[in-house]
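What follows is one structure encoded as structure tokens, with my remarks underneath.
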Amino acid sequence: MSFAAGYLGEAARIAAALDAPAIDRMAELLASVRAAHGRVFVLGVGGSAANASHLVNDLRKLAAIEAYAPTDNVAELTARTNDEGWPSVFAGWLAVSRLGRDDALLILSVGGGSLDPMVSPNLVEAIRAAKRVDARVCGIVGRDGGYTAREADVCVVVPTVNDAHVTAHTEAFQAVVAHLLVSHPALKARPTRWEELGGGGR
């Protein structure tokens, strides 16, 4: 079997094993945030930060949810990292945004955040900040999901089918689940452009 065939086979196994009921619950949670006029803050680092930007766009444009990704403001992110330290960057950003009980965090991460070992501690501190104000937390993560999976109200853990490809598959399926969410009847507020025009991809 070629590498490409094997990799695609792994992706097919992951898609078949994803927790569909958890994704439905996440869509319903996000819909309840919208109904309460709350906001969704999408947090991720590295490749997950890029996915966060994409998801914020789709939540705003397709699901009519006020959404933000702190990593989109590179000036504030780097200033806080320089002056206050990496672990607190998201918590500090959320404090200025007056995170409250009507809002939600959506964590995108391979490991889900951890203090031991110290990997993505800023996600841990952000979740703690959310819990202090009774904001809701959901996540799309990999492996065992780390701190996010333990503390989230709803979490989708991308199954590990090959230890050599955990990061690649997790970040790819963050995008798959994100697109599923904004296509979900509980959330979708308007069609995407090609579907609106009709005729598929012509």
Yes/no for Thr167 being surrounded by fewer than 21 Cβ atoms within 10 Å (Cβ to Cβ), under 19 Å from Ala50 (Cα atoms) and over 14 Å from the mean Cα position of the chain (by Cα): yes
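Any residue at all in region 29-40 that's among the hydroxyl-bearing types (Ser, Thr, Tyr) and surrounded by 17 or more Cβ atoms within 10 Å (Cβ to Cβ)?
no
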From Asp153, Asp134, residue being among the charged types (D, E, K, R), out of contact with any Phe, Trp or Tyr (no Cβ under 9 Å at 6 or more places or on another chain), within 26 Å of Ala91 (Cα to Cα) and without any contact (Cβ under 8 Å) to a residue 40 or more places away in the chain: Asp134
Count of region 1-32 residues which are of a type in the set (Val, Ile, Thr) and more than 15 Å from the chain's Cα centre (by Cα): 1
From the options Arg34, Arg39, Arg80, residue that is closer than 18 Å to Ile127 by Cβ, in contact (Cβ under 8 Å) with a residue 24 or more places away in the chain and of a type in the set (D, E, K, R): Arg39
Scan of region 137-150 for residues that are assigned to a helix (DSSP H, G or I) and either touching a Phe, Trp or Tyr at 6+ places or on another chain (Cβ under 6 Å) or touching a residue at least 40 places away in the same chain (Cβ under 8 Å) (or both), ordered by number: Thr148
Subset of region 100-120 (residues that are surrounded by 21 or more Cβ atoms within 10 Å (Cβ to Cβ) and free of Cβ contacts under 8 Å to residues at least 60 places away in the same chain): Gly111, Gly112, Gly113
Candidate set: region 81-114, residues that are in contact with a Ser or Thr (Cβ under 8 Å, 6 or more places away or on another chain) and of a type outside the set (Gly, Ala, Ser); chosen: the one farthest from Gly142 (Cα to Cα): Val89
The listed residue being surrounded by fewer than 21 Cβ atoms within 10 Å (Cβ to Cβ), touching a residue at least 12 places away in the same chain (Cβ under 8 Å) and on the phi < 0 side of the Ramachandran plot, out of Val161, Val182: Val161
Given (1) in a loop (DSSP other than H, G, I, E, B); (2) closer than 19 Å to Ala50 by Cα; (3) small (Gly, Ala, Ser), index of the condition Gly100 fails: (2)
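Since every read-out is calculated from the coordinates, none of them should be taken as a lab result. Only a predicted model underlies this, so the values are computations on that prediction, with no experimental measurement involved. All Cβ positions, even for glycine, are placed from backbone atoms using ideal geometry, and neighbour counts span all protein chains on display.
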